[in-house]
Amino acid sequence: MTPTATPNRMAFTPNHDEAARQGFVTSLKKFINFEVEAALAERFESHAAPAYAARTGAAPTNRKEASAALADDPLFQLWATLTYHSQNLMWDSVQDTTDRLLENRLAAFQALRDATPSGGSLHLSDELVVKAPVKTTEIHRQPGGYWREQRPDDIEQGLNYTGTLELYRSAKGMSAAKADDGGSMGRFVAEVAQRRAPDLSPTAILDMGCATGDQTQAYKRLYPEARVVGLDCARPLLRYAHGNAESAGVAIDFHERDAADTGFPDESFDLITSIIMFHETSAEQVGPILRECWRLLRPGGLVVHLDIPYHAHRIPLVKQATNDWQVRNNGEPFWTGFVELDMTAKLTEAGFDREQLFADYESSGAATYFFFGGRKPW
């Protein structure tokens, strides 16, 4: 007889009607991301760009000029309106489930935190200063931002964040390989790390910007003997991450700290990761975070960061224009700023040897991501 898995006491579980509404939002977002954007790309080439050239005497050559070419176009305005309101619908539909579950999941978190059945830990810091843009921006337009607290031991933002993950990824066409235990992106990062350093068997892993810790769990499952640490500056997400890991039987140490100033001792980790973190920081923070990675890395250790691949040389002008709109209107303040950085130069400035660093692309299914990092020599 096959044993029955223990239910996850922190799970985000929509009921029938909630799931139906969230499914509608997923379908709407997918329609916008594929059909509407494809039509917009054709219209940019056939109408908007030629009209801009006729008006200015030259074709658009960068995202600002492409944005100007599209600004008054009805299809672009429709795309922007649909994108904006579909984001509202996403958070509204997820909030319905969160409101229904919150009291139960909060009690589950408190019980799991007090009992720590899986042996993990949660370390919060009242001294941490949350910086812009996380402090000043509702990233992804999540109402109240990542770190909003409305009650003692609040986990509401963690539930909301969790509720959007698969919805958002599915709408981008990126959810094909989701396993029962989640963590597909974490496994992908670990696979890339293994290819970059096939001799590395990490015994201490730091996951920066871990959010709700789903991907952090993947590292512990892959390297069960390793000490795994998840770090973030958003307390409600960390509480949820801790409860979720404890309920799942995965021992992880979660810390509320600044990725640029973690306070951990020198050479504490032999694998340091992040997933989609850097484009939610700022140009001023990138260098300090990379220097902190170098300080924390043991000789022979590896840093592997995954982020968005929307560099100008890889995407057409129309996509650069829609990304520029996302920066200004959809809670992505450092999206284009991040991809305009020279990460090879940033890594070198942080201490990484040019022969040991990388800044290139890796694919998982239909999706491609930007990877950057490096290895510290023995």
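The values are calculated or read from the model by the stated rules, or taken from the named source; none is laboratory data. Quick caveat: nothing in here was measured; it's all calculated off a predicted structure. Because the Cβ atoms are built from the backbone with ideal geometry, glycine has one as well, and the counts that use them run over all protein chains shown.
Can you go through Phe338, Phe264 and tell me which one is among the aromatic types (Phe, Trp, Tyr), touching a strand residue (DSSP E or B) at 6+ places or on another chain (Cβ under 8 Å) and closer than 21 Å to Arg169 by Cα?
Phe338 is the lone residue from the list that is among the aromatic types (Phe, Trp, Tyr), touching a strand residue (DSSP E or B) at 6+ places or on another chain (Cβ under 8 Å) and closer than 21 Å to Arg169 by Cα.
Note down all Cβ pairs under 9 Å where the first residue falls in the range 332-351 and is at positive phi and in contact (Cβ under 8 Å) with a residue 60 or more places away in the chain, the second is charged (D, E, K, R) and part of a helix (DSSP H, G or I), and they're at least six residues apart or on different chains.
Matching pairs, first to second residue: Gly351/Arg291; Gly351/Arg295.
Could you check the range 300-328 and list, in sequence order, the residues that are out of contact with any Cys (no Cβ under 9 Å at 6 or more places or on another chain) and closer than 20 Å to Met208 by Cβ?
Result: Gly300, Gly301, Leu302, Val304, Leu306, Asp307, Ile308, Pro309.
Do we find that Arg291 is touching an Asp or Glu at 6+ places or on another chain (Cβ under 7 Å), basic (Lys, Arg) and in contact (Cβ under 8 Å) with a residue 12 or more places away in the chain in this structure?
When the stated conditions are applied, Arg291 does not pass them.
For the condition outside any loop (DSSP other than H, G, I, E, B) and in contact with a His (Cβ under 7 Å, 6 or more places away or on another chain), what is the one hit in Val229, Val189?
Val229
Look at the range 180-199 and say how many of its residues are more than 14 Å from Glu362 (Cα to Cα) and aliphatic (A, V, I, L, M).
Looking only at that region, the number is 1.
Counting only residues that are among the hydrophobic types (A, V, I, L, M, F, W, C), under 23 Å from Ala19 (Cβ atoms) and modelled with pLDDT of 95 or more, give me the helices (runs of 4 or more DSSP H) lying completely in the range 36-117 with at least 3 of them. Quick ask: steps written out before the conclusion?
Details: elements: 37-43, 49-56, 63-70, 74-115.
Correct list: 74-115.
Would you point out which residue out of Asp199, Asp180 is farther than 14 Å from Cys293 by Cβ and at pLDDT below 95? Walk me through it before giving the result.
Working: Asp199 fails: at pLDDT below 95.
On inspection, the qualifying residue turns out to be Asp180.
For Leu237, state whether it is assigned to a strand (DSSP E or B) and either out of contact with any strand residue (DSSP E or B) (no Cβ under 7 Å at 6 or more places or on another chain) or crowded, with 24+ Cβ neighbours inside 10 Å (or both).
The answer is no for Leu237.
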